[in-house]
Amino acid sequence: MTSPRAARPLQLGPLRLANRLVGTAHASGAVAGGVPSPGDADYWRRRAAGGAAMLIVGGTVVSPNSVNRNGNITEAWRPEIVAGLEARARAITEEGAVAACQLVHLGRETLGAELWSHPVGPTVVRSPREPTRPRALGPAEVDGIVDAFRTSAVHAWSAGFPVVELHAAHGYLLAQFLSPVTNFGPDATTVSQRVRILDRIAAAVRDACPGLVLGVRVSAEGGEEAGLGMDGLCELLPYLSGFDYVNVTVGVRTTYVRDMAVTDPPLLDAVGRLRAATATPLLVSQSFRTGASIDTALRSGADLVGVARPLIADPHFPRKMLTGRESSIRPCVSCNEDCRAFDPVLLCSVNPELAPPGESARPAYPLTLGPTRRSTDRRRIAVVGAGPAGLECATRLGPDHDVTLFEGRDRIGGQLAIAAGAPHRSGWRRLLDYYSDNLSGVTIRLGHRVSAAELEGFDDVVLAVGAEETLPREAAGTTSLLTSQALAGGGEPLRGAGHVVVVDDGFGLWPAASSVEAALAAGADLVTVLTPAAAFASGLPAEGRVQYLRRLSGQPVDVRVLSSIVSVSDGSVEFESTLSGARTRLHADRVVVAGERRPADWSLLAPDNPRVHVIGDALVPRKVAHAVAEGHAVAREYLLTAGG
Ligand SMILES: Cc1cc2nc3c(=O)[nH]c(=O)nc-3n(C[C@H](O)[C@H](O)[C@H](O)COP(=O)(O)O)c2cc1C
Ligand code: SF4
C-alpha cells in the first residue's frame, strides 16, 4: 500500500527530510583495523540511492573500551578515521539522503567477542550475557567518556555528518546509566540524576558542533536489567526534550533484532503512549515490514519510521514503498542468518547482490554441464523445480527470455514452503509471496513432472530439483516415525501423541527446533529431544536461539544432550550416551527425525545437448542463501549474455 503520510517531508531542526522513512543504525562490516574500507562507502551509497530520507550509520564506538579484536567496528575517537567517515557521509549525501552517525560505548557488554580491554559500567552489576562483572567507572573516567563522545561527534561532524545519534538503547553504556538496575547510589536515585550523563554529552557535543542535529536512541524492555520497561521509558522521555529527535526501539543485546517469530512491529500499539510522553520528534523502529504498519505508526503519532534489515535485503525498499510498488520489494524475512554474522562482512540470505568486497555479487558456484554457448538471442530456458533456487532464477530471467518453470508439486515453494509452514517461521512466506508476485513472463507448469525428452526442446535447462530428507538406518521400518519435513504444514500428524521424541542430527538447526514447536502446538504432553551434540539448537543464529529458547521456557520439553539414537521401534526409542555408552529406552508415541537431506536424483533429467545448470539443494543441500545465490548466478550469466 502507498502511504501518503510516509511520503511527506519533515523539518528536523535545520534539515529537511524528504520523507518519513529512515534507515536505522547498522554497519557494513567493511571496516578493517577500526577504519572504514572502500566497500563501506559503496554499501552506504547503494542504501542511500534507495530513497530513505535519512540513513543512520551504526557500529561506531567512542572508546578503546568498546573495540573487539577483529577490528570491524569503526573507532570514531581516532583522528585518522575522519577520511573514512567523509567517504561515508559523501556517499549518503550525494544520493540525496541525510547522513547520521550513531555513537556508542558498550559499557559492560562485549558483543560476545574478545576485547582488548575490559568491560566497565556505572556500577558493578553483571550483565546476564557476560560471565563476569564490569569494573565501575570512577568520576574522572565518566568525564573521559563524555569527552570521548564529544571527540567522536566532532570527527563525524567535520566529516560531513549533519546528524549524530547517541546510542542509549539495547543495554549499552548510556542505557546502563539510565537504568535504576545498573545505576544506583546516592547520586543516581532519580531519573534526572541518571540522565545527567546524556545532558553532559549533549552539551559538550552542541558546544563543539554548532548547528549539529543531535538525536538519541532508547529502547523499551529488559527493565529487570539494563533496559527500561515501557513505564520507565515513558517516564524518561520528557527528560530527553533537549534532543532534536528520539529514536525508540525495543530490546537489549540478543533481543533487539527480532527474528521472524515476531510478525508485527512490537511498538505499534505503544506509539500513541510514546507520543503522549514526548513532544520531541519521534522515530519508532523494529520489525516494520509493510506499508500498512508504517502508515499505522505515522497515524498513531510517530514522525518517522525506521527500518534496518529491510534496507539490507532491498535498498530500494523506501522508494518502492513510497511509489506503490510494495510487492516488488525483496523482503527481509527476519531470519537473522547472514546479516548478524558479519562473515566476512554484512551479507543477506535473500539478497545475492550484497557482496563481499571485490565481488559484484554474492559468490556462488552452480554446476554447469555441457558446452557454453554464449548468445545475445532471447533463449528458451527450462527451470525445473520451484524452490528458492528455481524461483530466484526464473524471476530474474522471466522478463528477458522465454522461461518455463516446471514443478512436480501443485504449488511453488519447495523448501521455502516447508520452512514457512513451521510454527513461528512464517517469515519465509514473505519471500515466497515475493517470488509469486514477480514471476512475470514466466510460464508456470505446476503438478508436472517434466521428462528428459521434453527438456530436449529447450536451449538451456536449469535443474533446481531440491533434496529429500532421509531417515537414519536405525529407524527403518517403524510406523510411528516421521521426518521433520512431514511436519511442513504444522504439527497435525502429531495430534494425539502424548510423548513425542525429536531426534536431532547434532547440528542444532531449524528442522529439529521447529519439530519441537510443532509437537507442542499439536498438544504433546512431553517432548524429549535427543541430540548427539553438547547443546540443543546450537546451530540457530544467536538471536534466533535466544528468542526460540525463551518461547520454550516453561514448556514440557526435556533435552538429552550427548545422546545418540540406537534404535526405534513402534512405541519406543533407545538411545545411548556418547560418553559412557549407557543405554536408555524411552516410551514414545511418535518419533520425529531431523534426517540428512540428500539431493534428488537429477541425472536422468540432464539431456545431452542443451546447456544444463544444477543449482541449490539439488547440488548439495544447504541454506536458502545458497539456493538464492546460485539461482541468481545462473540468471546473471544469461542476463549479461542477452544484454538484459
Ligand atoms: C547487522 C545489524 C547491525 C546493527 N547495528 C546496530 C547498531 O550499531 N546500533 C543500533 O542502534 N542498532 C543496530 N542494529 C539494530 C537495527 O538498527 C534495528 O533496530 C533492528 O535491526 C530492528 O529493526 P529492523 O526490523 O528494521 O531490522 C543492527 C541491526 C543489524 C541487522
Ligand atoms: S539475512 Fe535475513 S534477517 Fe538479515 S537482512 Fe537478510 S533476510 Fe533480513
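Observations
- When the test is whether a residue is open to solvent by 60 Å² or more (accessible area, probe 1.4 Å) and either in contact (Cβ under 8 Å) with a residue 60 or more places away in the chain or within 16 Å of ligand 2 (Cβ to nearest atom) (or both), PHE184 passes it.
- Here is the figure for segment 266-286: residues that are open to solvent by less than 10 Å² (accessible area, probe 1.4 Å) and within 16 Å of ligand 2 (Cβ to nearest atom) total 1.
- Note on segment 169-193: among residues that are part of a loop (DSSP other than H, G, I, E, B) and in contact with a Lys or Arg (Cβ under 6 Å, 6 or more places away or on another chain), the one that is farthest from MET230 (Cα to Cα) is ALA188.
- Test result for ARG636, open to solvent by 10 Å² or more (accessible area, probe 1.4 Å), within 20 Å of LEU397 (Cα to Cα) and either among the charged types (D, E, K, R) or in contact with a Gly (Cβ under 7 Å, 6 or more places away or on another chain) (or both): yes
- Flag for ALA488 being surrounded by 22 or more Cβ atoms within 10 Å (Cβ to Cβ), within 24 Å of LEU549 (Cβ to Cβ) and under 24 Å from the mean Cα position of the chain (by Cα): no
- The helices (runs of 4 or more DSSP H) located wholly in segment 1-104 that include 3 or more residues which are open to solvent by 20 Å² or more (accessible area, probe 1.4 Å) and touching a residue at least 24 places away in the same chain (Cβ under 8 Å) occupy 38-49, 82-94.
- Residues of segment 597-621 classified as under 26 Å from the mean Cα position of the chain (by Cα) and open to solvent by 70 Å² or more (accessible area, probe 1.4 Å), total: 1
- Scanning segment 568-596 for residues that are among the polar types (S, T, N, Q) and surrounded by fewer than 13 Cβ atoms within 10 Å (Cβ to Cβ) gives a single hit, SER580.
- Within segment 132-152, being surrounded by 20 or more Cβ atoms within 10 Å (Cβ to Cβ), among the aliphatic types (A, V, I, L, M) and over 22 Å from ALA208 (Cα atoms) holds for one residue alone: LEU137.
- Inspection of segment 213-223 identifies at least one residue that is away from ligand 1 (no atom under 16 Å from the Cβ) and either under 29 Å from the mean Cα position of the chain (by Cα) or not hydroxyl-bearing (Ser, Thr, Tyr) (or both).
- Residue match in segment 385-401 (condition: of a type outside the set (A, V, I, L, M, F, W, C), more than 16 Å from ligand 2 (Cβ to nearest atom) and touching a Lys or Arg at 6+ places or on another chain (Cβ under 6 Å)): yes
- Residue satisfying all of: in segment 303-342; near ligand 1 (Cβ under 7 Å from one of its atoms) and β-branched (Val, Ile, Thr); nearest to ALA625 (Cα to Cα) among these: ILE312
- Cβ-Cβ under 7 Å pairs, at least 6 apart or on other chains, segment 336-347 side among the basic types (Lys, Arg), far side assigned to a loop (DSSP other than H, G, I, E, B) and near ligand 1 (Cβ under 10 Å from one of its atoms): ARG340/VAL257
- Residue match in segment 70-87 (condition: farther than 22 Å from ALA159 by Cβ and touching a Phe, Trp or Tyr at 6+ places or on another chain (Cβ under 7 Å)): no
Quick grid of which residues meet (1) out of contact with any Phe, Trp or Tyr (no Cβ under 8 Å at 6 or more places or on another chain); (2) assigned by TED's automatic domain parsing to the domain that holds ARG379; (3) closer than 30 Å to ARG380 by Cβ:
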site: PRO423; (1), (2), (3): yes, yes, no
site: TYR434; (1), (2), (3): yes, yes, yes
site: ASP460; (1), (2), (3): no, yes, yes
site: ALA488; (1), (2), (3): yes, no, no
site: GLY508; (1), (2), (3): no, no, no
site: ALA512; (1), (2), (3): no, no, no
site: ALA524; (1), (2), (3): yes, no, no
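- Pairs, first farther than 21 Å from ARG253 by Cα in segment 159-178, second modelled with pLDDT of 95 or more and hydroxyl-bearing (Ser, Thr, Tyr), C-beta under 8 Å, six or more apart: GLY160/THR93
- Within segment 306-318, residues that are among the acidic types (Asp, Glu) sit with their Cβ atoms under 6 Å from residues that are more than 10 Å from ligand 2 (Cβ to nearest atom), at 6+ positions apart or across chains, in these pairs: ASP314/ILE329.
- Counting only residues that are more than 26 Å from GLN485 (Cα to Cα) and part of a loop (DSSP other than H, G, I, E, B), segment 585-644 holds 8 of them.
- In segment 31-75, the residues that are away from ligand 2 (no atom under 16 Å from the Cβ), of a type outside the set (Val, Ile, Thr), touching a Pro at 6+ places or on another chain (Cβ under 7 Å) and at negative phi: SER37, GLY39, ALA49
The values are calculated or read from the model by the stated rules, or taken from the named source; none is laboratory data. Not measured: the values here are computed from a predicted model. Glycine gets a Cβ as well: all are built from the backbone with ideal geometry, and neighbour counts include every protein chain shown. Calculation scope for accessible area: heavy atoms of the full protein, side chains included, ligands and nucleic acids excluded. Shrake-Rupley method; radii C 1.70, N 1.55, O 1.52, S 1.80 Å.
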